[in-house]
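Heads up: the structure comes next, in structure tokens.
Readers should treat all values here as calculations from the given coordinates under stated rules, not as data from a laboratory. As the structure is a prediction and not an experimental result, all values here were calculated from the model. Heads up, the Cβs are rebuilt from the backbone with ideal geometry, glycines too, and the neighbour counts pull from every protein chain shown.
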Amino acid sequence: MVAGLGPGDEALVTPEVTAALAQATDVIGYIPYVARVAPRPGLTLHPTDNRAELDRAQHALDLAATGARVVIVSSGDPGVFAMASALFEALEARPDRNDTEIRILPGITAMLAAAARAGAPLGHDFCAINLSDNLKPFAEVERRLRHAARGGFAMAFYNPRSKSRPHQFGQVLEILRQECEPARLILFARAVSTPEEQLICVPLCEARDSMADMRTVVIVGNEATRRVGRWIYTPRSVAP
Ligand code: SAH
């Protein structure tokens, strides 16, 4: 099984995922995600490094073939820039494992948790973009960003900025400034649903790249996104 642990708060883990973890013999995943699973007798935890996704998925298939009840954990939703696709990639490479029983257990993804905290910035058409260039060239990030902005979509950015690529998010902001008006609202939602949660909403002209880090999901509104009281929201309709 591949399970999403949600954005951080225990209350946002689905009952289905809690039940799967209670039945598991083995839990596999990136170190901080495995750390969210309570140890107990009969459960082996396999924390691994971040970039080892494919090895991790192969390891899960091998363990499952021996009869283990394996749960691969992701934060948020496992299908959003996470382990579910990695598992199917591993399965493609191992046709002999095709009969493995697989279930994907959804979770609350970061952009939805962040949007709910801020109001309803994703209330109209939107897209999600992974800004990391680990698995695609940055030129492709740039191309998709421009198309999304020109298409009038609100946008959610995952993996906006890391220590290994501190400058690219500045380029992302620069592209947005070329494509969008200065008053466009942009939300920096950090560590949503954890004790370190921090939300900042500014117009694009005041956005700085230092407002984002790896624990931040960034939501850019569409042209109509606006403030009401302490909330931000995007209307459901667009004038014809
Ligand atoms: N599968 C995860 C995303 C993994 S990519 C999901 O569905 O949420 C990791 C990125 O997710 C981080 O860089 C950050 O952009 C975002 N993220 C994950 N948890 C978050 C949280 N609690 N608050 C804000 N952003 C978060």
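Looking across the range 102-145, the residues that are assigned to a helix (DSSP H, G or I), within 15 Å of the chain's Cα centre (by Cα) and touching a residue at least 60 places away in the same chain (Cβ under 8 Å) come down to A110, M111, A113, A114, A115. Screening A19 on (1) of a type in the set (A, V, I, L, M); (2) assigned to a helix (DSSP H, G or I); (3) touching a residue at least 12 places away in the same chain (Cβ under 8 Å) shows it passes everything except condition (3). Of all residues in the range 70-86, those that are without any contact (Cβ under 8 Å) to a residue 24 or more places away in the chain and over 19 Å from T18 (Cβ atoms) have Cβ atoms under 8 Å from Cβ atoms of residues that are within 9 Å of the ligand (Cβ to nearest atom) and of a type outside the set (V, I, T), 6 or more apart or on another chain, in S85/G79. In a strand (DSSP E or B) and either surrounded by 15 or more Cβ atoms within 10 Å (Cβ to Cβ) or in contact (Cβ under 8 Å) with a residue 24 or more places away in the chain (or both), is that true of V217? Criteria met by V217.
Residue count for the range 146-191 under the criterion of being part of a helix (DSSP H, G or I), in contact with a helix residue (DSSP H, G or I) (Cβ under 7 Å, 6 or more places away or on another chain) and either more than 23 Å from A116 (Cα to Cα) or free of Cβ contacts under 8 Å to residues at least 12 places away in the same chain (or both): the result is 11.
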